[in-house]
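Here the structure comes first, spelled out in structure tokens, and everything after it is commentary.
The values are calculated or read from the model by the stated rules, or taken from the named source; none is laboratory data. The structure displayed is predicted, hence computed values, not measured ones. Here the Cβ positions follow ideal geometry from the backbone for every residue, glycine too, while neighbour counts run over all protein chains shown.
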Amino acid sequence: MKKYSAFPYVIWTFLFILLPLLLIGYYSLTVKNSQTGELVFSLANYVNLFNPLYLKVFLNSVYLAGIATVICLILGYPMAMIISKMKHSQTVLLLFILPMWMNFLLRTYAWMAILGKNGFINQLLSLFHVQMELLYNNNAVLLGMVYNFLPFMVLPIYTVLVKMDKSLIEAAYDLGCTPWRTFRKVIFPLSLPGVISGVTMVFMPAVSTFVISDLLGGGQSVLIGNLVQEQFMKVNNWSFGSAISVILMLLILMFMTLLHRIDRKYEGGTK
Amino acid sequence: MSNRLIEGIHLVKEYDGSRVVDNIDFWVKSKEFLTILGPSGCGKTTTLRMIGGFETPTSGDILLSGKSIVSLPPYERPINTVFQRYALFPHMSIYDNIAFGLHIKKMPKSEIDKRVSKMLSLVNLEGFEKRRVNSLSGGQQQRIAIARALVNEPQILLLDEPLGALDLKLRKEMQLELKYMQQDLGITFIYVTHDQEEALTMSDKIIIMNKGKIQQVGSPTDIYNEPENAFVADFIGESNIVSGIFKEDKVVEFAGTIFPCIDTGFARDEAIDVVVRPEDIEITADVRAQLHGVVDSTVFKGVHYEMIVIENEREWLIQSTIPHEEGKQVGLYIAPDLIHIMKKEA
């Protein structure tokens, strides 16, 4: 019985995960013959990617996503820690997640309204006769990433911290650790599984986003996601778009393998 | 005063207005094995945590060698704790767990190595340095937790029901080992448990607590033989507790009968409680019998039989190596020195 109950899932996996992946792989290895419209095998798409223009986009994406992840970690860890120690931590956490119930696009548009030329901040600044270009640059994209993905960092870290055996922390105090050393030697190492899932959950959507860079970067800050979107929706070159996607997937895969290695080093974690 | 290593003075701990520890005073001599015994929720663990520094008393003071330590955080107290659920660090090897406190003190590596291996041999786990915590059994983890605390050579070791999660046989072994370690190392132990047998086996001194208050302080034999009130008598082993009247010195009346006893010092005709241990009632057929009843049940318990004899609607719990069949008419005899008289609880 048990074997059969997995059947719908197998079909689902095949239809919506495996098949599209194969299709992307297939497209990425072909080019359209301009006369006949036939798809012909070729590595041209991958060779194309080595164009410095595209490499720069890749680097920019990884760089921005990396910085956003680090900022999320620096902001999110203390936040998770403070919330986990609160009396009504569940409620506070809910309040924290509440903005996420609103549409992602809407929230990003809201930032446009805040940062724009006639936006909230510039209106305030105009009182002092100052004007600042806040929108359509890397910093605006970074802000959008941090704002949108911060909860993904806080949640897993919060979960690990809340579940952590408090007697381990007391044991560290008992054995002579000051609060700071207790954090360094016990709390942080034990919370690493949460940090790693947080980092994964922020980095992955950040490195592949196109909405944030589209709205807040406004063509000034092009990311891999924009490249893919462009190839599929505007240029109508599915083959090249697929090749970029494949490389993006490999990039994320590499990143996750790396994280997994770190995680393994600290196996154990919470109970 | 000078031989008091640690002392609690008028200690009070309140949580949201309810008193968990209610104005207790106690002291422990150096190298003594003290057990705080009581049912769950009696305040014994809270008391221990106040000594360890994990809870701040609402009022009162704790003195270590005459100096107040109440304001010191746990990491500045020369006291170490063995936690209920061991609390070993799962991300460290056994070696790193035991060496943890010494690393913090920045002891040289060679000295740490020496002390860790000495500790491991003390707890009979030589060669376990590189093992992971999760690969150890409960009993082994317990030993590591003890080693991790003792390696710091604390003045006082606090133990919070450390044997609670072990099975009976292992627990008995560990009781003896702990007692041996304590005597061998000459460290003061403060041990918290709800297991009266454990307390009687290991302690030099027992504090019995109930509802945040100390009920009695004394040696195991004092507490077993001379319980000060019905709670202690009931908590330490099984006993028969009946109310009675103190007629005059060495004479007491209970169960409608006059008994000779050896207690003195109560007022004439004072209402009192009488405690008789189940093993102290003799079933007899001869003229010495003071009470008469019918055997209601007989259960074999291994070393002895446990019988309930009904006498005038009163139940008497009796332990004897000689069984009597159910329904049999029997006489009961209690020797004068086995009758304990206690002040009646208000």
Filtering region B:129-158 down to residues that are away from every other protein chain (no Cβ under 13 Å) and either buried (at least 21 other Cβ atoms within 10 Å of the Cβ) or in a helix (DSSP H, G or I) (or both) yields B:Gly138, B:Gly139, B:Gln140, B:Gln142, B:Arg143
Can you work out which of the residues in region A:111-138 that are surrounded by 16 or more Cβ atoms within 10 Å (Cβ to Cβ) and in a helix (DSSP H, G or I) is nearest to the chain's Cα centre (by Cα)?
-> A:Asn138
Could you pull out the residue among A:Gly218, A:Gly176 that is small (Gly, Ala, Ser), in contact (Cβ under 8 Å) with a residue 24 or more places away in the chain and in the same structural domain as A:Ile82 (by TED's automatic domain parsing)?
-> A:Gly218
Given (1) in the same structural domain as B:Ile322 (by TED's automatic domain parsing); (2) free of Cβ contacts under 8 Å to residues at least 12 places away in the same chain; (3) within 16 Å of B:Leu338 (Cα to Cα), index of the condition B:Val287 fails | (3)
Can you pull out the strands (runs of 3 or more DSSP E) entirely within region B:268-346 that have at least 2 residues that are surrounded by fewer than 19 Cβ atoms within 10 Å (Cβ to Cβ)?
-> B:270-276, B:281-284, B:291-300, B:305-311, B:314-320, B:329-334
Mind checking which residues of region A:162-175 are surrounded by fewer than 21 Cβ atoms within 10 Å (Cβ to Cβ) and either at pLDDT 95 or above or within 11 Å of another protein chain (Cβ to nearest Cβ) (or both)?
-> A:Met164, A:Asp165, A:Lys166, A:Ser167, A:Ile169, A:Glu170
Among helices (runs of 4 or more DSSP H) lying entirely in region A:176-259, which contain 3 or more residues that are farther than 21 Å from A:Leu43 by Cβ and touching a Pro at 6+ places or on another chain (Cβ under 9 Å)?
-> A:188-208
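Rundown of residues vs (1) under 25 Å from A:Ile244 (Cα atoms); (2) out of contact with any helix residue (DSSP H, G or I) (no Cβ under 6 Å at 6 or more places or on another chain); (3) not β-branched (Val, Ile, Thr), yes/no style:
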| residue | (1), (2), (3) |
| --- | --- |
| A:Ile71 | no, no, no |
| A:Leu94 | no, yes, yes |
| A:Trp101 | no, yes, yes |
| A:Phe104 | yes, yes, yes |
Kindly check whether there is at least one residue in region B:217-239 that is in a strand (DSSP E or B) and either surrounded by 21 or more Cβ atoms within 10 Å (Cβ to Cβ) or not assigned by TED's automatic domain parsing to the domain that holds B:Glu153 (or both).
-> no
1 or more residues under 19 Å from the mean Cα position of the chain (by Cα) and among the polar types (S, T, N, Q): qualifying strands (runs of 3 or more DSSP E) within region B:1-109 = B:33-37, B:79-82
